[in-house]
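The values are calculated or read from the model by the stated rules, or taken from the named source; none is laboratory data. The shown structure was predicted, so the numbers you read here are calculated from the model rather than taken from an experiment. Here the Cβ positions follow ideal geometry from the backbone for every residue, glycine too, while neighbour counts run over all protein chains shown.
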Ligand SMILES: [Zn+2]
Ligand SMILES: [Zn+2]
């Protein structure tokens, strides 16, 4: 079997502004080769925003990236996580243990905590949602078998020393960063804004290459929350975005509009797919995306579609028809 880690890139660090370093950390996922953590100089040490995933080489990669910026784990004074996904908080716990510092994150991290405590239960719940959404038994069994082998890439327990909610501030040499809750991508998502320099650490809420993801099943309407979070960020008037993946980007407003347009486009497609005849979410996936569900895209396509359907239900565009499986009608 080919060794997936052999092709992975190495952790790399670079200064992007005075007192701000981008730490580019490898990921084991096809199509998403790396994520960013950010080191913000603060007194005799630094605040680390996000951490990368946890696996057997991840700490080495982080150390390598930090060393390229003249930093080390011992200088971490605080770990802040933009949201509870494994690429952003996977190794938060081992870092705070080594650096003997606090961990701040938003409290709505039910999915990740369950993933740490009982990954089997998370998988079982996903399969139940898939079954309820009309996914046939055969592919369901295949996903169960394949997903069962995947690593959670996170160390627990996820226990924040401080809840990172609206208005919490993080002190750095560059000035104070203010937390803004921006749920949608994940219920625990928070952006950090530095008002004097109009810098936004955007996590996965805004990415340079627009790609949408909604964590379905852990809040009532993730798509609606995401749209409101775009409004929140738009009002800040950021001039530079330090995102969770990819390069920094300056045209923040264009990205906000791009996200909105993409969501509207998907909502329209889902709404048009749901006709007079009731369909399962699985049927809708086929009509909207025209793709076969696979291990790579199955969970993603289904949760996105359920997210759009739920939002359309809240705006009165579609109706949910309870049953086994659940169906949707215009
Ligand atoms: Zn994420
Ligand atoms: Zn991410």
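The table for this structure:
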quantity	calculated
Only one of 134, 184, 156 that is over 19 Å from the mean Cα position of the chain (by Cα), in a loop (DSSP other than H, G, I, E, B) and either more than 16 Å from ligand 1 (Cβ to nearest atom) or surrounded by 17 or more Cβ atoms within 10 Å (Cβ to Cβ) (or both)	134
Which numbered condition residue 105 misses (of (1) out of contact with any helix residue (DSSP H, G or I) (no Cβ under 7 Å at 6 or more places or on another chain); (2) farther than 20 Å from residue 11 by Cβ; (3) within 16 Å of ligand 2 (Cβ to nearest atom))	(1)
Test result for residue 88, in a helix (DSSP H, G or I), over 30 Å from residue 321 (Cα atoms) and within 16 Å of ligand 2 (Cβ to nearest atom)	yes
Pair list, Cβ under 6 Å, 6 or more apart: segment 234-250 residue in contact (Cβ under 8 Å) with a residue 24 or more places away in the chain, other residue surrounded by 13 or more Cβ atoms within 10 Å (Cβ to Cβ) and part of a helix (DSSP H, G or I)	238/252; 241/252
Residue match in segment 39-50 (condition: at positive phi, in contact (Cβ under 8 Å) with a residue 40 or more places away in the chain and crowded, with 19+ Cβ neighbours inside 10 Å)	yes
Qualifying positions in segment 189-212 - in a loop (DSSP other than H, G, I, E, B), within 14 Å of ligand 2 (Cβ to nearest atom) and over 11 Å from residue 255 (Cα atoms)	189, 204, 212
Any hit, segment 55-78, residues being part of a loop (DSSP other than H, G, I, E, B) and within 16 Å of ligand 2 (Cβ to nearest atom)	yes
Restricting segment 246-278 to residues that are modelled with pLDDT under 95 and in contact with a strand residue (DSSP E or B) (Cβ under 6 Å, 6 or more places away or on another chain), the residue that is farthest from residue 324 (Cα to Cα)	274
Segment 229-256, subset loosely packed, with under 14 Cβ neighbours inside 10 Å and assigned to a helix (DSSP H, G or I), residue nearest to ligand 1 (Cβ to nearest atom)	231
Of residues in segment 91-102 being closer than 13 Å to residue 156 by Cα and more than 16 Å from ligand 2 (Cβ to nearest atom), the one surrounded by the most Cβ atoms within 10 Å (Cβ to Cβ)	95
Qualifying residue in segment 163-180 (condition: under 30 Å from residue 301 (Cβ atoms) and either modelled with pLDDT of 95 or more or in a helix (DSSP H, G or I) (or both))	yes
Residue that is more than 15 Å from ligand 1 (Cβ to nearest atom), touching a residue at least 12 places away in the same chain (Cβ under 8 Å) and under 20 Å from residue 217 (Cα atoms), where the choices are 113, 108, 86	113
Any hit, segment 118-130, residues being within 16 Å of ligand 2 (Cβ to nearest atom) and within 26 Å of residue 309 (Cα to Cα)	no
Checklist (1) in contact with a helix residue (DSSP H, G or I) (Cβ under 8 Å, 6 or more places away or on another chain); (2) within 16 Å of ligand 1 (Cβ to nearest atom); (3) part of a helix (DSSP H, G or I) applied to residue 269, failing item	(2)
